[in-house]
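Notes to accompany the following structure.
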Amino acid sequence: MKFRCSLFFTAMFGLVSESSFAQAVIEGRVELPKTSAAPVMIKRYEIVTKDGVLATKPPLAVVYLEGSFPRRNSTAETQMLQKDLTFAPTLLPVQTGTRVAFPNLDDTYHNIFSLSPAKRFDLGRYRPEETPIPSVVFDVPGLVTVRCDIHEHMRALILVLDTPYFAMSDPDGRFRLSGLPSGRHTLKAWLSSKTTLERPVELTRGTTLRVNVP
């Protein structure tokens, strides 16, 4: 019995090890839009509109892998905070079907809403100690602009993606995607409501592909 159990755990460990190390990785850099803002040690991001185009300032990218991937069975959950009369994070990528909670950490009321075609909602006025924390399930891919009806300057973006493989770039445009399936896919980099860069990639098990976009 002990020998058979040992074989069982050895086999299971082999499966786990193989699945863990056999997946592909993409890392690289996205060329972010040039900005005239002076460099600072701590950057506070905001959503800006220029000629009807929404983007973050300073610039950031959401990098994601597009393809035919299995849908998730359970609902993932994440948060977009309201703190110091701003949203944090300002740009939030999520997979389709994710529930996003909107905790109020300010000592005042907020009223979070969106009129975006991908998700229309209005959470109404609520206090910091409100329970349960108001939340929304984002079940349609697309860009959702989130605002506060009380504090007009507050604005954020939720990018709903039909893929489980995505990551935010750092301020220099560097990114890393791990745990990727092998095969031919499309790598995309969202920069604004009007600009998404893309390039085809072919991934091989257990390898790291280095890609710059564009």
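For the residues ALA61, ALA24, the requirement of being at pLDDT 85 or above, surrounded by 10 or more Cβ atoms within 10 Å (Cβ to Cβ) and within 18 Å of the chain's Cα centre (by Cα) singles out ALA61.
When every residue of segment 103-116 is checked against the conditions, at least one turns out to be over 24 Å from ILE26 (Cβ atoms), open to solvent by less than 60 Å² (accessible area, probe 1.4 Å) and of a type in the set (D, E, K, R). Candidates are the residues of segment 72-86 that are within 18 Å of VAL140 (Cβ to Cβ) and part of a strand (DSSP E or B); the one that is least open to solvent (accessible area, probe 1.4 Å) is THR78. Scanning segment 143-169 for residues that are charged (D, E, K, R), farther than 29 Å from SER68 by Cβ and open to solvent by 70 Å² or more (accessible area, probe 1.4 Å) yields a total of 3.
Checking each residue in segment 191-203 for being in a loop (DSSP other than H, G, I, E, B) and surrounded by 13 or more Cβ atoms within 10 Å (Cβ to Cβ) picks out LEU191, SER192, SER193.
Number of residues in segment 162-209 that are more than 15 Å from VAL30 (Cβ to Cβ) and more than 13 Å from the chain's Cα centre (by Cα) equals 18.
Here GLY67 qualifies as surrounded by 13 or more Cβ atoms within 10 Å (Cβ to Cβ) and either among the hydroxyl-bearing types (Ser, Thr, Tyr) or at pLDDT below 95 (or both). Quick check, is LEU54 open to solvent by less than 20 Å² (accessible area, probe 1.4 Å) and under 26 Å from ARG174 (Cβ atoms)? Answer is no for this residue.
All conditions but one from (1) more than 23 Å from LEU81 (Cβ to Cβ); (2) assigned to a strand (DSSP E or B) apply to GLY206; the one that does not is (2). Within the span defined as segment 87-98, every residue fails to be modelled with pLDDT of 95 or more and surrounded by fewer than 15 Cβ atoms within 10 Å (Cβ to Cβ). Going through (1) part of a strand (DSSP E or B); (2) within 23 Å of VAL48 (Cα to Cα); (3) among the hydrophobic types (A, V, I, L, M, F, W, C) one by one, VAL137 falls short only on (2). Within segment 170-190, restricting attention to residues that are open to solvent by 10 Å² or more (accessible area, probe 1.4 Å) and outside any strand (DSSP E or B), the residue that is farthest from TYR45 (Cα to Cα) is SER182.
The values are calculated or read from the model by the stated rules, or taken from the named source; none is laboratory data. From a predicted model like this one, the values you see are computed outputs, not experimental measurements. Note: ideal-geometry Cβ built from the backbone for every residue, glycine included; neighbour counts use all protein chains shown. Side chains included, ligands, DNA and RNA excluded: accessible areas come from the protein's heavy atoms. Shrake-Rupley method; radii C 1.70, N 1.55, O 1.52, S 1.80 Å.
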